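Taking it in order: structure first as structure tokens, then the write-up.
A short reminder: the numbers here are calculations on the coordinates, not readings from a lab. Since the structure is predicted, the reported quantities are computational estimates derived from the model, not experimental observations. No Cβ is skipped: glycine too gets one built from the backbone with ideal geometry, and neighbour counts run over all protein chains shown.
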């Protein structure tokens with residue numbers, strides 16, 4: 001759990017830094033630092049579901 005939390009902190013720090021450097025706005029940087037990881041987490045969930053289906057299809061091919 002510690003590794004996950006520290007990765008989350010690094011992810012948010014990088015997101016903030018990049019957004020701040022691109023916009024010069026602490027508000028925009030802060031918003032992106034919180035919104036982007038949340039959206040990315042949801043996208044990752046669906047990405048894993050898709051790959052689960054791919055793995056299942058490869059292990060259980062349809063009969064010819």
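Quote to one decimal, in nm, the extra length available between residue 17 and residue 47 on full extension: 0.36 nm per residue of separation minus the C-alpha distance between them.
That works out to 8.2 nm of additional length.
I need 17, 2 ordered by Cβ neighbour count within 10 Å, fewest first.
2, 17
Among (1) 14.5; (2) 11.5; (3) 14.0, find the value of Kirkwood radius over Cα pairs in Å that was calculated from the structure presented, and write down its label.
(3)
Rounded to the nearest 500 deg cm²/dmol, what is the calculated helix-only ellipticity per residue at 222 nm for the chain, with -39500 (n - 2.57) per DSSP H run of length n ≥ 4?
Only helices count here, giving -31500 deg cm²/dmol.
Relative contact order for the chain using alpha-carbon pairs under 8 Å, separation at least 6, rounded to a whole percent?
Relative contact order for the chain comes out at 24 percent.
Arrange the following residues from fewest to most other Cβ atoms within 10 Å of their Cβ: 52, 36.
In order of increasing Cβ crowding within 10 Å: 52, 36.
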